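For reference, the structure is listed below as structure tokens.
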């Protein structure tokens, strides 16, 4: 593709978010989908980087006369909401919708066996490319991502190197990798990505605490935490009930043995 050639100096880091938004929009306009994984330690500003990119994509779409506002309902932590979001996008036939699967979700994690969450999400990403949507996956480490996602579906990878602060304010810095589409006849250990020659790194500023977009994100995130707490309670209650049942059976066997 012509867009992949380096026609001049690399994009400046401070213009990296705008560049990233433009290549994501180009993909969906060309009737592809775009899956981007954003990695980094917990609290390393992955969410801030994704939000900056989401807003840049919104601006880019509006500039070409195809406005598609981001909906925080599309920030998903579980398989069912993500499945519902993709279903709505396909049925509405509205391309360029943006979805965000946060590290709080466990369905894309790598493992020896698939749980139902992971199985659903992998199948979804294999079949839902026709939605021509953009999906951001926030996760600490790419190797913890299911192989079929990290090795095939993700086409861009951004890794946060340092986190900015809102006191100075200082920007966060991230490195950018693009999937290598050359043929390979042997398995590689580099995930199939290489450092972007077009935009090797990008920087972005943190949000002020009272920024409306940030406030909406925080509200959505904390609402999800309530769901996490409820699920943890159910897991612990189920484990406790199982333990009580086992103790009861042991006591019953002991009573029988003492007769």
### Query
Tally time: how many residues in region 123-164 are touching a helix residue (DSSP H, G or I) at 6+ places or on another chain (Cβ under 7 Å), farther than 24 Å from residue 93 by Cβ and at pLDDT below 75?
4
### Breaking point among (1) touching a helix residue (DSSP H, G or I) at 6+ places or on another chain (Cβ under 9 Å); (2) at pLDDT below 95; (3) in the same structural domain as residue 74 (by TED's automatic domain parsing), for residue 174
(2)
### Message
Looking at 40, 49 in this structure, which one is under 24 Å from residue 201 (Cβ atoms), touching a helix residue (DSSP H, G or I) at 6+ places or on another chain (Cβ under 9 Å) and modelled with pLDDT of 95 or more?
### Response
49
### Query
Restricting to region 55-66, what's the tally of residues that are in a helix (DSSP H, G or I) and either outside the structural domain of residue 18 (by TED's automatic domain parsing) or under 17 Å from residue 29 (Cβ atoms) (or both)?
8
### Query
In region 67-84, what residues are outside any loop (DSSP other than H, G, I, E, B) and touching a residue at least 60 places away in the same chain (Cβ under 8 Å)?
72, 75
### Query
Which residues, taken from region 77-90, are within 11 Å of residue 124 (Cβ to Cβ) and buried (at least 21 other Cβ atoms within 10 Å of the Cβ)?
79, 82, 85, 86
### Query
In region 206-238, what count of residues is obtained for those that are touching a residue at least 40 places away in the same chain (Cβ under 8 Å), surrounded by 10 or more Cβ atoms within 10 Å (Cβ to Cβ) and either assigned to a loop (DSSP other than H, G, I, E, B) or touching a helix residue (DSSP H, G or I) at 6+ places or on another chain (Cβ under 7 Å) (or both)?
7
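The values are calculated or read from the model by the stated rules, or taken from the named source; none is laboratory data. This one's a predicted model, so the numbers in the text were calculated from it and none came from an experiment. Don't worry about glycine lacking a Cβ; one is built from the backbone with ideal geometry, like all the others, and counts go over all protein chains shown.
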